[in-house]
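The block underneath contains the structure these notes are about, expressed in structure tokens.
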Amino acid sequence: MAIYTLPELPYDYTALEPVIDPQIVELHHDKHHAAYVKGANDTLEQLEEARDKGSWGSINGLEKNLAFHLSGHILHSIYWHNMTGDGGGEPLAADGVGELGDAIAESFGSFAGFRAQLTKAAATTQGSGWGVLAYEPVSGRLIVEQIYDHQGNVGQGSVPILVFDAWEHAFYLQYKNQKVDFIEAMWNVVNWQDVAKRYTAAKERVGTLLLAP
Ligand SMILES: [Fe+2]
């Protein structure tokens with residue numbers, strides 16, 4: 001039985017034009033994201049089989065596959081909602097997202113400093129990866145992470161709230177080798193309302209990670 005399912009896009013394929021071409025949105029969601037969902041489900045099945053048989057020869061590969069596909073599914077699910085055709089700008093109090101704007105300023109010194117750091121982290125990924133704004137529950141601060149593939153280079157316990165996909169499948173059909181141009185354009189479709197909801201939920205539901213009970 002499938003544990004994970006491909007979520008529907010919250011808009012149609014053309015909604016993010018001209019920042020992201022409809023063909024990219026379609027392939028990215030219907031093929032790439034779908035493959036991570038299938039990969040996560042298949043790996044769980046293979047792990048069940050391994051438990052049933054007591055056959056652990058492939059355990060390292062299976063655990064790696066689970067982290068890869070599950071993280072791919074989670075990050076893409078957040079990615080689609082992080083974007084809107086009416087997005088962009090900064091998180092401002094006038095738009096009801098001032099708490100997020102304040103947290104960014106407190107954690108990074110300024111919005112400009114944060115934007116520069118996330119842009120750089122995403123644009124300089126070596127191979128495939130992501131630039132991520134995450135709530136870090138030990139300090140309660142926001143941090144930027146540069147993720148390798150979908151699952152590497154992660155601070156344990158951190159909760160992603162704004163994710164920039166820097167894999168070539170996210171931009172190559174439209175931007176060719178100009179990854180920096182794609183990441184810069186991404187700022188024009190950021191859905192700050194969605195990011196703010198994720199920030200509030202992370203603070204309220206995850207709160208502070210207890211290191212020493
Ligand atoms: Fe992707």
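The values are calculated or read from the model by the stated rules, or taken from the named source; none is laboratory data. For clarity, every value in this text was computed on a predicted model and none was experimentally measured. Cβ placement follows ideal geometry from the backbone for every residue including glycine, while neighbour counts extend to all protein chains displayed. Heavy atoms of the whole protein, side chains included, go into the accessibility calculation; ligands, DNA and RNA do not. Shrake-Rupley method; radii C 1.70, N 1.55, O 1.52, S 1.80 Å.
Listed values, structure above:
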quantity: Filter result (open to solvent by 70 Å² or more (accessible area, probe 1.4 Å) and away from the ligand (no atom under 15 Å from the Cβ)) within the range 15-34; calculated: Glu17, Pro18
quantity: Residue count for the range 127-162, restricted to those that are in a strand (DSSP E or B) and either closer than 13 Å to Ala202 by Cβ or open to solvent by less than 40 Å² (accessible area, probe 1.4 Å) (or both); calculated: 19
quantity: Residues that are touching a residue at least 12 places away in the same chain (Cβ under 8 Å), over 16 Å from the mean Cα position of the chain (by Cα) and outside any helix (DSSP H, G or I), drawn from the range 165-213; calculated: Gly207, Thr208, Leu209, Leu211
quantity: Subset of the range 189-205 [open to solvent by 60 Å² or more (accessible area, probe 1.4 Å) and in contact with a Phe, Trp or Tyr (Cβ under 7 Å, 6 or more places away or on another chain)]; calculated: Lys203
quantity: All helices (runs of 4 or more DSSP H) inside the range 58-124 with 1 or more residues being among the aliphatic types (A, V, I, L, M), surrounded by 15 or more Cβ atoms within 10 Å (Cβ to Cβ) and within 16 Å of the ligand (Cβ to nearest atom); calculated: 59-82, 111-123
quantity: Candidate set: the range 152-167, residues that are in contact with an Asp or Glu (Cβ under 7 Å, 6 or more places away or on another chain) and small (Gly, Ala, Ser); chosen: the one nearest to the ligand (Cβ to nearest atom); calculated: Ser158
quantity: Enumeration of residues in the range 142-151 that are more than 10 Å from Ser128 (Cα to Cα) and within 15 Å of the ligand (Cβ to nearest atom); calculated: Gln151
